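To keep things clear, I will list the structure first and then write my remarks on it.
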Number of protein chains: 2
Amino acid sequence: MKITVLSGGVGGAKFLLGVKAFVGLDPFGGAGTDPVTGEAATPDVTAIVNNGDDIRLHGLQVCPDLDSCLYTLSGVADTVRGWGRLDETWTAAAELASYGAEAPWFSLGDKDIATHLVRTRMLDAGYPLSAVTAALGAKWQPGVTLLPMSDQRIETHVVVSDPAFEPGPGSTAGAPDVALHFQEWWTRYRAGIPAKRFVFVGAEEARPGAGVLEALATADLILVAPSNPVVSIGPILAVPGLREALLAAPARIVGVSPLIAGKPLRGHADACLAAIDVECSAQGVGRHYGARSEGGLLDGFLVAEGEDVQIPGVRVAEAPLLMMDPQATAAMVAACLELSR
Amino acid sequence: MKITVLSGGVGGAKFLLGVKAFVGLDPFGGAGTDPVTGEAATPDVTAIVNNGDDIRLHGLQVCPDLDSCLYTLSGVADTVRGWGRLDETWTAAAELASYGAEAPWFSLGDKDIATHLVRTRMLDAGYPLSAVTAALGAKWQPGVTLLPMSDQRIETHVVVSDPAFEPGPGSTAGAPDVALHFQEWWTRYRAGIPAKRFVFVGAEEARPGAGVLEALATADLILVAPSNPVVSIGPILAVPGLREALLAAPARIVGVSPLIAGKPLRGHADACLAAIDVECSAQGVGRHYGARSEGGLLDGFLVAEGEDVQIPGVRVAEAPLLMMDPQATAAMVAACLELSR
């Protein structure tokens, strides 16, 4: 069974651990070898990963969501800190800070820097991000085919009232709107400045990344991970051609609500949903995604237990949505499959 | 008294500690503030530093000689290892190795990487290396004005018989000549492959770096550090216009022999001198530099005690040349000044 997942970073990666467990893979590590041919097995799980959060820092191309997937699926992520590598060191970051080098609110660990150096060198040599991600995966063996949503640059920016604005003496002018890079809004300001809207810079000219359309066309089941609907799944859907490919896909599409009792377990989905006038509830998110039969995204939607959710044209089921461990998450995937039937 | 020094990396930096001590500065650290104006004092010592050893690794521009000077003069160099930073960590290097990223024979420490990231970002933004070096110096306060010999790219390459050559079956063909980057020859092969010649790639199009000609024209004394005559001082002299500026400089030029009893204390000057058919002796080096009165470099030459050195047109004196500490080195500088009178 081939499963294709639309995924963001930390939450999406955690969901992918459960998808791997569901298809019988060890959640942490590679897909092993084919028992007949002895060759490296082709993973049955493909993730189309948001890369709208990507940022160039210190000249290095950082892909937070792809790295969260690589590191989590290989078992080398720091799950306590919630991002980056286990047993990381911070020597270079301290040194960069002592140089006064920006951005002080985004720390790169030393192990992480090595990944970014390899990636940036390959990108600068002309390789598309999809090829670079596959090359990094050769070391990490995530056991999942990780596909950037696009090989073109798409960057999520957040329009806010300029947080640095100071009115002149006697002036009654209000703060002008400015666009912050998503990471600045998310990491520096912890999504604490009200977002007016999100802009996916470059989206108009982007195309689905290498392998993305095929992964949708050949899937037996398409899942939408319980990632942030606005800034993780949103940028993926903003890639021209991707919505059309989802609409045309022969497989059923089942989403998983990122909210439990109207709250995200992690991250700032509430602040993001508010910015696009979507109610912060499973029903709000489900209706935002919409029924595929009416041009939206979903055939089915899995929500937390006890939620009262009605979405015209979408089958809804309840399940425990706490991703306590890969087995618990695999049960969510089983419920999604059930919904798709 | 303004002293300008032609310098390579490790040995040159050690010599500069003595020059600082000689002019009354703390060898380690900045030039302090002007006692009258309270502003940052302008260093009386300027070093024109070889940057022919520079190499781009993992996309980072590495300037070994400039960094040896920055780190040594600020007291943060690892003098036991002989290069790089004190209390360095190697997390990123281990990670790069696990990616199979080249070059495995050139390790970058984590602190060092931060310096290279800052430098590379500034260079890529269009700043000349001289401006970047000054910016790095704002943090390090080396107490010496460090000037790259050129703001253009000059890279020392070493022509050798291809070390990877394997003759085909039945073939009697010999290994062809190949040019290795200086760092590959020096660090990977430890200068163990006979050099046929050195090529300063880019030298023809290069110009003296910002401030270099002025530092020569306004100096009261010009010193040639006991650096490698071929691959440290050689590239400096290969910059078009630099020899002419040295010939025209009003100050006397005094060199210090890099050899004691015909041997370099450190590095591979013997292998380098052999490649250009210069005898590995103080007299060999002195005659290679030549008398300024005959179009060469030197007015005076300081050699180790007990050497029998005769160089037509050059005043020669003997002194202990072991740079045991900055004070001992300062005595060498005093002997150079004496020679210049």
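Restricted to segment B:88-118, and to residues that are aromatic (Phe, Trp, Tyr) and under 20 Å from A:Val76 (Cβ atoms), which residue is farthest from the other protein chains (Cβ to nearest Cβ)? Out of the qualifying residues, it is B:Trp90.
The residue of segment A:103-139 that is surrounded by the fewest Cβ atoms within 10 Å (Cβ to Cβ), among those that are of a type in the set (D, E, K, R) and touching a residue at least 12 places away in the same chain (Cβ under 8 Å), is A:Lys111.
Quick check on this structure: which one of A:Ala319, A:Ala330, A:Ala304 is touching a Ser or Thr at 6+ places or on another chain (Cβ under 8 Å), within 14 Å of A:Pro226 (Cα to Cα) and not acidic (Asp, Glu)?
Exactly one of A:Ala319, A:Ala330, A:Ala304 is touching a Ser or Thr at 6+ places or on another chain (Cβ under 8 Å), within 14 Å of A:Pro226 (Cα to Cα) and not acidic (Asp, Glu), namely A:Ala304.
Selection over segment A:227-261 of residues that are of a type outside the set (Gly, Ala, Ser) and under 28 Å from A:Pro320 (Cβ atoms) gives a count of 15. Of the residues B:Arg85, B:Arg121, the single one that is basic (Lys, Arg), within 14 Å of another protein chain (Cβ to nearest Cβ) and within 19 Å of the chain's Cα centre (by Cα) is B:Arg85. For A:Leu66, state whether it is closer than 13 Å to A:Thr133 by Cβ and in contact with a Phe, Trp or Tyr (Cβ under 6 Å, 6 or more places away or on another chain). So A:Leu66 fails the test.
Is one or more of the residues making up segment B:274-283 over 30 Å from B:Tyr189 (Cβ atoms) and either touching a Cys at 6+ places or on another chain (Cβ under 6 Å) or of a type in the set (Gly, Ala, Ser) (or both)? Scanning segment B:274-283, I find no residue that is over 30 Å from B:Tyr189 (Cβ atoms) and either touching a Cys at 6+ places or on another chain (Cβ under 6 Å) or of a type in the set (Gly, Ala, Ser) (or both), so the answer is no. Do we have any residue at all in segment A:60-73 that's surrounded by fewer than 18 Cβ atoms within 10 Å (Cβ to Cβ) and within 17 Å of A:Ala13 (Cα to Cα)? Checking segment A:60-73: not a single residue is surrounded by fewer than 18 Cβ atoms within 10 Å (Cβ to Cβ) and within 17 Å of A:Ala13 (Cα to Cα).
Hey, among the residues in segment B:213-235 that are more than 17 Å from B:Leu16 (Cα to Cα) and of a type in the set (A, V, I, L, M), which one's surrounded by the fewest Cβ atoms within 10 Å (Cβ to Cβ)? It comes out as B:Ala217. Among residues that are within 14 Å of chain A (Cβ to nearest Cβ), of a type outside the set (A, V, I, L, M, F, W, C), closer than 19 Å to B:Gly8 by Cβ and surrounded by 15 or more Cβ atoms within 10 Å (Cβ to Cβ), B:Gly143 is not included. Yes or no: B:Asp65 without any contact (Cβ under 8 Å) to a residue 40 or more places away in the chain, under 21 Å from B:Ala138 (Cα atoms) and more than 12 Å from every other protein chain (Cβ to nearest Cβ)? Answer is no for this residue.
Only one of the numbered conditions (1) over 27 Å from B:Ile253 (Cβ atoms); (2) surrounded by fewer than 21 Cβ atoms within 10 Å (Cβ to Cβ) is not met by B:Trp185, and that is (2). Please find, among B:Phe106, B:Phe15, B:Phe22, B:Phe28, the residue that is under 29 Å from B:Ala238 (Cβ atoms), modelled with pLDDT under 95 and among the aromatic types (Phe, Trp, Tyr). When all the criteria are applied, what remains is B:Phe106.
Taking residues in segment B:1-12 that are closer than 9 Å to B:Ser227 by Cβ, and partners anywhere that are among the β-branched types (Val, Ile, Thr), the pairs with Cβ atoms closer than 6 Å and at least 6 places apart or on different chains are B:Leu6/B:Ile48; B:Leu6/B:Val224; B:Leu6/B:Ile233; B:Leu6/B:Ile236; B:Ser7/B:Val49. Scanning segment A:1-45 for residues that are of a type in the set (Ser, Thr, Tyr), farther than 13 Å from A:Pro142 by Cα and loosely packed, with under 14 Cβ neighbours inside 10 Å yields A:Thr33, A:Thr37. How many residues are over 18 Å from B:Met122 (Cα atoms) and either in a loop (DSSP other than H, G, I, E, B) or facing chain B (nearest Cβ under 9 Å) (or both) if we restrict to segment A:124-134? Total satisfying the criteria: 4.
Which of the residues spanning segment A:140-165 are of a type in the set (A, V, I, L, M) and in contact (Cβ under 8 Å) with a residue 40 or more places away in the chain?
Across segment A:140-165, the qualifying residues are A:Val144, A:Leu146, A:Leu147, A:Met149, A:Ile154, A:Val158, A:Val159.
Here the strands (runs of 3 or more DSSP E) wholly within segment B:236-341 that include at least 1 residues being more than 21 Å from B:Ile48 (Cβ to Cβ) and modelled with pLDDT of 95 or more are B:300-304, B:315-319. Checking B:His157 against (1) out of contact with any helix residue (DSSP H, G or I) (no Cβ under 6 Å at 6 or more places or on another chain); (2) more than 14 Å from chain A (Cβ to nearest Cβ); (3) surrounded by 24 or more Cβ atoms within 10 Å (Cβ to Cβ), only one condition comes out false. Which one? For B:His157, the failing item is (3). Facing another protein chain (nearest Cβ under 10 Å), on the phi > 0 side of the Ramachandran plot and not basic (Lys, Arg): does that describe B:His58? Considered against the rule, which asks whether it is facing another protein chain (nearest Cβ under 10 Å), on the phi > 0 side of the Ramachandran plot and not basic (Lys, Arg), B:His58 comes out as yes. Being touching a Gly at 6+ places or on another chain (Cβ under 8 Å), assigned to a loop (DSSP other than H, G, I, E, B) and of a type in the set (A, V, I, L, M) is the filter here, so list the residues in segment B:192-235 that pass it. Across segment B:192-235, the qualifying residues are B:Ala225, B:Val231.
Give all pairs with beta carbons closer than 9 Å in which a residue from segment A:241-258 that is over 16 Å from A:Gly11 (Cβ atoms) meets a residue that is modelled with pLDDT under 95 and surrounded by fewer than 15 Cβ atoms within 10 Å (Cβ to Cβ); count only pairs at least 6 apart in sequence or on separate chains. Correct list of pairs: A:Arg252/A:Arg341. Taken as a whole, the structure places A:Val76 among residues that are among the β-branched types (Val, Ile, Thr), touching a residue at least 24 places away in the same chain (Cβ under 8 Å) and either surrounded by fewer than 17 Cβ atoms within 10 Å (Cβ to Cβ) or within 14 Å of another protein chain (Cβ to nearest Cβ) (or both).
Evaluate the following for A:Ala179: is it aliphatic (A, V, I, L, M) and either outside any strand (DSSP E or B) or modelled with pLDDT under 95 (or both)? So A:Ala179 fails the test.
The values are calculated or read from the model by the stated rules, or taken from the named source; none is laboratory data. As the structure is a prediction and not an experimental result, all values here were calculated from the model. A quick note on method: Cβ atoms are made from the backbone with ideal geometry, for glycine too, and the neighbour counts reach across all protein chains shown.
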